[in-house]
Amino acid sequence: HAKRREKSICSYTQTMRHALQRRQRMTERLSAAITEDQLELYFQPQVNLTSGRLTGAEALCRWYDAEWGWVSPSEFIPLAEERGLIRILGDWVLKESARQLLAWRNQPRGGLPGRLSINISAQQFADPELPRHIAHLTAGVSPSAISLELTESDFMRDPDQAVEITHTMRQAGYALAIDDFGTGYSSLSYLRRFAADALKIDISFVREMLENKNDRTIVQTIIAMANALEMKTVAEGVETLNQANLLAEMGCNEAQGYWFGRPLPADKFAAVWLNT
Ligand code: C2E
Ligand code: CA
Ligand code: CA
Ligand code: CA
């Protein structure tokens, strides 16, 4: 028995060591990828549920590594946050977003309608200089072309500071969206003070809203709450026509998801969504 246990502990520590080694190597390679401009932005359409029109797009970071292939943002974003790389990654995302918006704007058929949504992580948000920093990195692009997405928990880390930054941002003309809404714990009173423009209904509620009555109730409640606070709602992860129809019926304003379009590289996105 003791032997067997020893063996399993041994393989456990070995697995742990491998995982640590992978993360260490990944940190090094990610750091190089950022500075050598090897990341890429994909763009996913956001659509008005009543008119079907494009209201903007979300910029989503992609990383192709020669050794590992595509690495999911759900793996490398938390890693970047943990290993102190998220600020330089976030800076790259902001700069590249601005470069792309300007490139589209200079094309004969015109630029992206509405706003480009950019994900901002908590550590970026903690910087009191963030509004000026963003303006600097996106020079040449009007704040009215940008929406910043922050999760509920990012807002709640230091609610008073968040209230201040969000007001500064909105005064400057940026829109603010609360991402993954429903998965955190923001109190109603803070929600009102944050002065966000939109709530993004988390994919986990949308996924089973047709089959699951509780999820449907949550979605309906989020929409009612957003209406009361004069915020618009954007549903994440809409994969079927039935979901889109039900959301429209419930009064949800906009949606994003595979049903409307997958995230695409800039040139493909422009070919499908901007040249009509
Ligand atoms: P998120 O901000 O909630 O982004 C939405 C995620 O849902 C994206 O995953 C998108 O590809 C995926 N998605 C869109 N439509 C559908 C659908 O119909 N079905 C399903 N199952 N998924 C759908 P992705 O691109 O893998 O990104 C994962 C997360 O990584 C994002 O979640 C965001 O939190 C983070 N992330 C991505 N890019 C950036 C970035 O530039 N900066 C920061 N800070 N975080 C980022
Ligand atoms: Ca997002
Ligand atoms: Ca998110
Ligand atoms: Ca989400």
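Points worth noting:
- Here the extension length gained between Thr50 and Glu129 equals 24.6 nm, from 0.36 nm per residue of separation less the Cα-Cα distance.
- In sequence order, the stretch 242-257 has phi-based couplings of 4, 5, 4, 5, 4, 5, 4, 4, 6, x, 5, 7, 9, 8, 9, x Hz under the Karplus curve 6.51 cos²θ - 1.76 cosθ + 1.60, θ = phi - 60°, and Gly or Pro positions carry x.
- Taking the helices alone, the chain has a mean residue ellipticity at 222 nm of -15500 deg cm²/dmol, built from -39,500 (n - 2.57) per DSSP H run of at least 4 residues and averaged over all its residues.
- With a Förster radius of 35 Å applied to the C-beta separation of Gln220 and Ser74, the computed FRET efficiency comes to 0.80.
- Sequence-distant lysines (8 or more away, or on other chains) whose Cα lies within less than 20 Å of Lys200: Lys213, Lys232
- All Cα-Cα separations within the stretch 28-166 were binned at 5 Å from zero, giving a P(r) of 2, 9, 18, 21, 20, 16, 10, 4, 1, 0, each value a whole percent of the pairs.
- Rg/Rh for the chain stands at 1.01; both radii use Cα atoms, and Rh follows the Kirkwood definition.
- Evaluated with a Cβ-only charge set (Lys, Arg +1; Asp, Glu -1), the chain carries a dipole of roughly 540 debye about its Cα centre, given to the nearest 20.
- Contact order relative to length of the stretch 45-155, as percent, for alpha carbon pairs under 8 angstrom and 6 or more apart: 27
- Zone of Ala139's modelled label, taken as backbone nitrogen in the stretch 95-113 under 12 Å from a point 7 Å along Cα→Cβ: none
- Extension gain for Arg262 to Gln171 (0.36 nm times residue separation, less C-alpha to C-alpha distance): 29.5 nm.
- Residues with amide H under 5 Å from that of Glu149, placed H, sequence gap 5 or more: Ile118, Asn119, Ile120, Ala177
- Between Thr240 and Asn212, the modelled labels are 1.4 nm apart [label points 7 Å from Cα along Cα→Cβ].
- The label-point distance for Gln21 and Arg87, in a model that sets each label 7 Å from Cα toward Cβ, rounds to 3.2 nm.
- For the chain, accessible area per residue (1.4 Å probe, heavy atoms of protein chains only), Å²: 53
The values are calculated or read from the model by the stated rules, or taken from the named source; none is laboratory data. Note that this is a predicted model, so its numbers are computed, not measured. When we count neighbours, we look across all protein chains shown, and the Cβ atoms used for this are built from the backbone with ideal geometry, even at glycine. With ligands, DNA and RNA removed, areas are computed over all heavy atoms of the protein, side chains included. Shrake-Rupley method; radii C 1.70, N 1.55, O 1.52, S 1.80 Å.
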